[in-house]
Each structure stands twice: as C-alpha cells, then as structure tokens.
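Remarks on the structure that follows.
The values are calculated or read from the model by the stated rules, or taken from the named source; none is laboratory data. From a predicted model like this one, the values you see are computed outputs, not experimental measurements. Virtual Cβ from ideal backbone geometry, glycine too; neighbours counted across all protein chains shown. Please note that ligands, DNA and RNA were not included when accessible areas were found on the heavy atoms of the full protein model with its side chains. Shrake-Rupley method; radii C 1.70, N 1.55, O 1.52, S 1.80 Å.
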Amino acid sequence: MNLLKAASTVSLLTLASRVTGLVREQMIAASFGASAATDAFNVAFRIPNLLRRLFAEGAFSQAFVPILAAVRERDGDAATHALVDAVATVLLWALLATVVVGIVGAPVFVWLIGSGLARFDDAVVMTRIMFPYIACMSLVALSAGILNTWKRFAVPAATPVLLNLSMIGAAWALAPRFAAWGLEPIHALAVGVMVGGVLQLAVQWPALARIGVTPSFGLTPARLRAAWHHPGVRRVLKQMAPALLGVSVAQLSLLINTQIASHVGVGAVSWLTYADRLMEFPTALLGVALGVVLLPQLSAAQARDDLAGYSDLLDWGLRLVMLLALPCVAALIVFPQALIAVLYHYGQFSPRDVEQTVWALRGYGVGLLGLIAVKVLAPGFYARQDIRTPVKIAVVVLIATQAMNVLFVPLFGHAGLALSIGLGALVNATWLLVGLRRRALYRPRPGWGAFMVRVLGATVLLTAALVWAAQGIDWIGLRAQPWQRAGAMAAVLAGVAALYFATLAATGLRPRQFIRRG
C-alpha cells in the first residue's frame with residue numbers, strides 16, 4: 001500500500017467534508033449571524049461533540065485501533081472478529097445509558113459550558129434534540145477503526161460530508177418552515193445534526209459487510225456479561241482509562257474557554273467557532289489524514305518489533321507536516337481577513353464580525369504547526385499502547401494554557417483564548433517529540449537540515465506574496481461582488497501555492513521523495 005496515496009485519498013475526501021462544512025457555516029452565518037441564537041446552538045452542539053471527541057474519536061479510537069491491529073497481526077481474523085463483536089456489545093449498552101443521562105441532565109451540561117448564554121433555554125432544548133448524536137458517532141468510530149485497520153480509508157473519511165449536507169438542508173429548507181410553523185428557526189439546525197448522524201452510521205454498514213466484519217451486537221444481558229469478560233474488552237477498557245483522561249484534558253480546556261467566552265460578550269463564542277472551523281481545514285487535511293493512516297501502520301510495526309520501520313514512519317509523517325503546514329501557518333496569520341470575508345461576510349455577518357473572527361483566527365494560527373504535529377506524534381505513543389505519557393503532557397499543557405488565559409484574555413479578549421490554545425499546542429507537540437527521541441522510538445533520517453532550508457525559503461516567498469495581496473485588495477469592501485471576491489482569493493491562493501511548490505522544485509525537492517510503502 002502506498003501510504004502517500006492513502007493519506008492523499010483521506011485528505012481529498014476530508015477536503016470535500018471541510019468544503020461542505022464551510023458552506024454549512026456560511027449558511028448559518030448568513031441566516032443567523034453571530035447572534036445570541038448562534039451562541040446557543042454552538043454551545044448545544046459542542047456538548048455532543050465534546051462527548052464524541054472524548055469517547056468516540058478520542059479515547060475509544062486511541063485504545064481500540066492499536067489493540068485491533070495487533071490482534072489481527074498476531075492472532076488472525078477469527079480472534080479479530082470475536083474482539084469486534086465483544087467491543088460492539090459493550091459499547092452499545094454504554095451508549096444507551098449515556099443518551100438517557102444526557103437528555104435528562106441537559107440543563108446541567110449547558111450550565112457547565114455556557115452559563116452566561118443569553119438564550120440558555122434554547123441551548124437546553126437543542127442539546128436534548130442532539131444528544132443521541134453521540135450514540136451514532138460512537139458507532140461510526142467503531143466502524144471507522146475497523147475499516148482503517150483493513151486499510152479501507154475512503155468511507156470513514158467521506159461520511160462527515162453527510163452531516164454537513166444535512167445541516168445545510170436544515171438551514172436552507174427547514175429553518176424557514178420552522179419560522180412559518182411558529183417554532184424557533186435555530187432549532188432546525190439541531191434536527192439537521194441528528195439526521196446527519198443517522199446517515200453517517202447508515203453508510204458504514206455496507207462497507208463493513210464488504211470486508212466481512214459487520215459487528216454482532218449482543219442485545220441480551222447474557223451476551224453483555226460474556227462480552228464484558230472478553231480479555232480484549234478488558235484491554236480496551238484498561239487503555240481507555242488514561243486515554244479518556246488525556247482527551248478529557250484537551251476538552252476540558254475547550255469547555256473552560258467556552259465558559260470564559262460566554263462571559264466576554266455576545267458573539268464571542270460564535271467568532272471563536274467560525275475561526276475554529278477554518279482551522280479544521282488544515283488540521284483535518286494534514287493532521288487527521290496522517291494520523292488515520294499512521295496509527296494502524298505504527299501498531300503493526302510495533303507488533304512485528306520493527307523499530308527502524310516505526311521510526312521511519314514517524315519521520316515520513318513529520319516531514320509532510322513541515323512541508324504542508326508551514327505555508328498554512330503563514331496564510332492564517334497574514335491573510336486571514338480575505339479568508340473570513342470571502343467565506344462568511346454575507347447576510348447578517350457584519351464587518352465587525354469579520355474583524356473579530358480575524359483576530360481569533362490569527363491566535364489559532366500561531367499554534368497550527370503544533371496542532372497538526374500532535375496528530376502525528378501522539379500515535380507514536382498510542383501504537384505502543386502507551387497512553388499515559390501523552391496524558392501527563394496534556395495535563396501540564398492544560399495548566400499552562402489556562403495560565404496564559406489569565407494573561408491574554410484581559411489584553412486581547414476572545415482572541416486571547418485562541419492564542420492560548422495555539423501556544424499550548426506548540427508546547428504539547430514539542431514535548432511529545434522530545435519524549436519519542438529520548439525513548440529512541442524516533443531517530444530523524446539524514447537530510448533534515450537541507451530539507452528545512454528549502455521549506456523555509458519557499459515559505460518566506462509565499463508569505464511576501466500573501467502580504468502584498470492582503471494589503472492590495474479591499475476584501476470587506478467587495479461584499480457586494482461575492483464572485484469577484486471569491487475569484488480574487490482563489491487566484492491569490494493558487495498563485496502562492498504554485499510559487500511555493502515551484503520554489504521547492506527549483507531547489508531539488510521532488511514529490512516522489514515522499515512516496516512510502518506500508
């Protein structure tokens with residue numbers, strides 16, 4: 001398997017997801033602006049998303065995928081199928097209990113995350129509508145872990161598009177109907193989230209059937225007891241405990257920041273959310289794609305005791321991070337107004353909203369390299385079933401991030417929250433890298449010095465071109481000519497990308513150098 005091709009496939013499909021996600025955010029911004037209603041929806045949506053990242057894509061995936069890959073590598077398909085069935089059974093019962101607790105306790109959850117909301121009751125209603133989404137997404141994470149282990153990356157990478165399409169449909173068609181029926185229009189978005197979750201789960205099952213690993217859920221107490229005592233389940237749960245703590249630390253930082261933002265003023269939660277959506281473009285296209293491809297490969301290399309192959313995989317991932325993330329950092333810091341104006345500056349989204357979101361995006365952009373690098377470095381520990389080390393690092397980073405909030409929020413308001421997260425990500429990535437080096441799990445291959453000179457030189461030229469374009473065009477003033485503004489931004493980005501890669505090619509860097517077989 002060509003790992004670069006696999007990562008590119010995941011990136012392209014993730015690009016489709018992020019493009020539809022931006023269209024989704026554009027429709028929400030144009031329909032509702034950065035208002036008290038969108039603050040309420042963003043807080044309500046953050047609650048199931050928080051749990052999804054904790055239990056589904058976070059702790060569960062980090063614990064399950066390395067064990068699944070190791071069992072398949074050492075024990076064969078029969079033992080792997082038994083593990084999948086047992087894990088699926090325990091997961092289903094846990095999800096049923098979680099959904100009941102979430103719906104009943106929605107007011108408490110909303111208060112914990114956004115007690116300063118102007119429309120607190122609307123956030124509670126939408127939380128109750130969306131809470132079953134966590135069950136759908138946890139089962140999607142189970143399916144994705146299986147498919148990625150079998151090197152079927154396409155379906156898991158493509159399914160988030162369905163959520164975005166559902167929310168776009170809700171904002172475009174359902175919200176006006178809700179208004180006509182005397183219902184709150186913003187609640188239509190919550191319905192769209194639930195429809196999207198069901199659709200994502202529905203498309204996973206045919207893909208699992210094609211590889212012959214459709215999970216069998218035990219719906220009786222006897223099956224649950226048998227699954228609970230399966231040794232593989234115990235191993236997954238044992239690994240989930242520190243993984244859950246590690247992911248909880250990251251999400252606790254997000255929760256605290258949301259709570260602070262809800263008190264900064266109306267619009268602050270939404271400005272940070274819109275900026276975060278743009279940050280998800282490079283983090284997903286680069287970091288998530290590389291992490292998805294690397295984790296099962298690293299786990300298999302660990303099961304074979306192939307230390308050299310293990311180190312080479314990490315080196316390959318880190319070089320791609322530096323090659324592709326540095327120009328993105330430059331764009332987010334020196335070209336944010338164009339990005340925000342073209343994507344969001346329509347309808348109820350005012351020029352002030354543009355400027356406030358720009359500052360949030362710059363704060364996040366400072367730490368983009370760290371956010372992406374963590375997606376490559378953390379699997380270096382997870383694949384060895386060492387989750388405790390990243391957890392310890394994450395705890396210290398949380399403390400450091402909140403200490404920075406004390407300094408930055410009074411100075412920069414909501415942008416200070418984004419800056420603290422960005423700087424914390426850089427600390428996290430650096431610490432993980434040092435840990436891998438000290439354990440001799442990662443030994444950089446020769447040529448890093450010359451490689452970085454080429455990448456930094458090309459990035460300097462790209463940055464200069466972006467600064468010129470940012471100052472030479474009135475991006476906010478072009479609101480009445482959206483196609484002209486979008487065309488100008490597309491031309492600028494295409495031009496600087498061509499300049500960047502042409503500079504790299506002129507200095508001797510070739511794409512074939514990054515082709516790697518798994």
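Scanning the range 496-518 for residues that are of a type outside the set (Val, Ile, Thr), at pLDDT below 80, within 23 Å of Gly449 (Cα to Cα) and not in a helix (DSSP H, G or I) turns up Arg510, Arg516. For the residues Gln356, Gln348, Gln259, the requirement of being of a type in the set (S, T, N, Q), at pLDDT below 85 and in contact with a Phe, Trp or Tyr (Cβ under 7 Å, 6 or more places away or on another chain) singles out Gln348. Inspect all residues belonging to the range 21-29 and state whether any of them is under 24 Å from Ser253 (Cβ atoms) and open to solvent by less than 40 Å² (accessible area, probe 1.4 Å). Checking the range 21-29: at least one residue is under 24 Å from Ser253 (Cβ atoms) and open to solvent by less than 40 Å² (accessible area, probe 1.4 Å).
Take the conditions (1) farther than 20 Å from Arg74 by Cβ; (2) part of a helix (DSSP H, G or I); Leu298 misses just one of them, which is (1).
For the range 372-385, indicate whether the set of residues that are touching a residue at least 60 places away in the same chain (Cβ under 8 Å) and surrounded by fewer than 21 Cβ atoms within 10 Å (Cβ to Cβ) is non-empty. I'd like the intermediate steps shown before the answer.
Step one: list which residues in the range 372-385 are touching a residue at least 60 places away in the same chain (Cβ under 8 Å), which gives 372-380, 382-385.
Filter once more, keeping what is surrounded by fewer than 21 Cβ atoms within 10 Å (Cβ to Cβ): 384-385.
Checked against the condition, which is being touching a residue at least 60 places away in the same chain (Cβ under 8 Å) and surrounded by fewer than 21 Cβ atoms within 10 Å (Cβ to Cβ), the range 372-385 yields at least one hit.
Selection of the range 425-481 for residues being open to solvent by 70 Å² or more (accessible area, probe 1.4 Å), under 30 Å from Tyr344 (Cα atoms) and either out of contact with any Ser or Thr (no Cβ under 8 Å at 6 or more places or on another chain) or without any contact (Cβ under 8 Å) to a residue 24 or more places away in the chain (or both) yields Val460, Trp468, Gln471, Asp474, Arg479, Ala480, Gln481. Scan the range 47-64 and tell me whether some residue there is farther than 16 Å from Ala141 by Cβ and buried (at least 23 other Cβ atoms within 10 Å of the Cβ). Yes, the range 47-64 contains at least one residue that is farther than 16 Å from Ala141 by Cβ and buried (at least 23 other Cβ atoms within 10 Å of the Cβ).
For every residue, the table says whether it meets (1) in contact (Cβ under 8 Å) with a residue 12 or more places away in the chain; (2) closer than 21 Å to Thr127 by Cβ; (3) of a type in the set (Ser, Thr, Tyr).
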position	(1), (2), (3)
Ala144	yes, no, no
Leu147	yes, no, no
Trp150	yes, no, no
Ala158	yes, no, no
Met167	yes, yes, no
Pro185	yes, yes, no
Gly192	yes, yes, no
Ala202	no, no, no
Ala227	yes, no, no
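Against the condition within 23 Å of Phe408 (Cα to Cα) and either part of a helix (DSSP H, G or I) or in contact with a Phe, Trp or Tyr (Cβ under 8 Å, 6 or more places away or on another chain) (or both), how does Leu369 come out, does it pass?
Values: within 23 Å of Phe408 (Cα to Cα): yes; either part of a helix (DSSP H, G or I) or in contact with a Phe, Trp or Tyr (Cβ under 8 Å, 6 or more places away or on another chain) (or both): yes.
Here the answer is yes, as Leu369 does meet what is asked.
Summed over the range 19-34, the residues that are in contact with a Lys or Arg (Cβ under 9 Å, 6 or more places away or on another chain) and either of a type in the set (Phe, Trp, Tyr) or at pLDDT 75 or above (or both) give a count of 3.
Within the range 120-137, being within 28 Å of Ser262 (Cα to Cα) and surrounded by 22 or more Cβ atoms within 10 Å (Cβ to Cβ) holds for Asp122, Ala123, Met126, Thr127, Met130, Phe131, Tyr133, Ile134, Ala135, Met137.
The range 376-495 holds helices (runs of 4 or more DSSP H) entirely within its bounds, and those carrying 1 or more residues that are over 30 Å from Ala70 (Cβ atoms), hydroxyl-bearing (Ser, Thr, Tyr) and over 21 Å from the mean Cα position of the chain (by Cα) map to 448-472. For the range 180-199, filtering for residues that are within 16 Å of Phe41 (Cβ to Cβ), open to solvent by 60 Å² or more (accessible area, probe 1.4 Å) and assigned to a helix (DSSP H, G or I) leaves 1.
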